[in-house]
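One structure below.
Read-outs throughout are calculated quantities, based only on the coordinates presented, and are distinct from any laboratory measurement. Keep in mind that what you see is a predicted model, and the values were worked out from it rather than measured. Cβ sites come from the backbone with ideal geometry, for glycine too, and all protein chains shown count toward neighbours.
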Amino acid sequence: MAAIEMFYPEWRTMAIHESSPVERGASPRLKRECSAYTASFYDPVVPLGTLHPQQGYRCENLEYLTFADASFDLVLTQDVFEHIFHPDRAIKEIERVLKPGGAHIMTVPLVMKSNVSRRRASIDANGNVIYLEDAQYHGDPINERGALVTIDWGYDILSYLSYHSSLQCAMIYIDDLSRGIRAEFIEVVVCVKEMIPSL
């Protein structure tokens, strides 16, 4: 939330989409104060772009978003990119649905730090998961089993995202005890879509 307010203080008037929001912190505030806020979860049993018949949430896969080009000013993901099998596809899709000048703002645990990011699991053409490391899961708001960790990211995530998109990517680290911000893994990645030059 600190990063959003720092770079986009007018966020309340923006079109914002969040993938896999949580029930604490920034997500409830964004939903409450931004009239153009939308959210989605990925549920493989629900058709993409539709609502879950009982729970009512929209189903979206970051690798194959159903939104039109240039739909959002901001796309947010909090601790999602370590659970994606094809983050190259996801960042391209996010770039596609961002408006010029818009941004993808994400948190992701950078457990590898200065070491090279490590793939933990991949998926084959038949949808079978291939475990390259012991299976590890994080909490998932819609799945009691949790979300499989597919990649242990390091600081090289910036070069990865830049290579697979034309977004301008940077990392910020806010240490501010006056706001209760001090912990491990609090880096925020900001990826900005270039404005279209006026003629």
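Numbers at a glance
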item	result
Radius 11 Å from Cβ of ASP43, net charge of other residues (Lys, Arg +1; Asp, Glu -1)	-1
Euclidean distance between Cα centres, the range 73-97 to the range 1-50, Å	13 Å
Cross-link reach list, lysines versus LYS99, counting only Cα pairs under 25 Å and skipping chain neighbours closer than eight places	LYS31, LYS193
Test item: Cα-centred dipole of the range 116-163, Lys/Arg +1 and Asp/Glu -1 on Cβ, debye	80 debye
Top of ASP175, ASP152, ASP43 by mean-square fluctuation, Gaussian network on the chain, Cα under 10 Å	ASP175
Cut-off under 5 Å, modelled amide H: who pairs with TYR37 long-range	ILE16
Net charge over other residues, Cβ less than 12 angstrom from the Cβ of ALA90 (K, R count +1; D, E count -1)	-3
By average C-beta atoms within 10 angstrom, highest first, the peptides 24-31, 86-93, 68-75, 178-185	86-93, 68-75, 24-31, 178-185
Local electrostatic count, VAL190, Cβ distance below 14 Å [Lys/Arg +1, Asp/Glu -1]	-4
Beta bridges per DSSP with both ends in the chain, % antiparallel, nearest 5	55 percent
Leading residue at positive end of dipole, the range 87-182 (Cβ point charges), from HIS138, ILE157, GLY127	ILE157
222 nm mean residue ellipticity, helices alone, for the chain (DSSP H n ≥ 4; -39,500 (n - 2.57); rounded to 500)	-4500 deg cm²/dmol
Coil-residue chymotrypsin sites (Phe, Trp or Tyr not before Pro) of the range 117-179, DSSP, other Cβ within 10 Å capped at 11	TYR173
Mean Cα-pair separation over length for the chain, i.e. relative contact order, pairs under 8 Å, 6 or more apart, %	18 percent
About the Cα centre, charge dipole magnitude for the chain (Lys/Arg +1, Asp/Glu -1 at Cβ), debye	280 debye
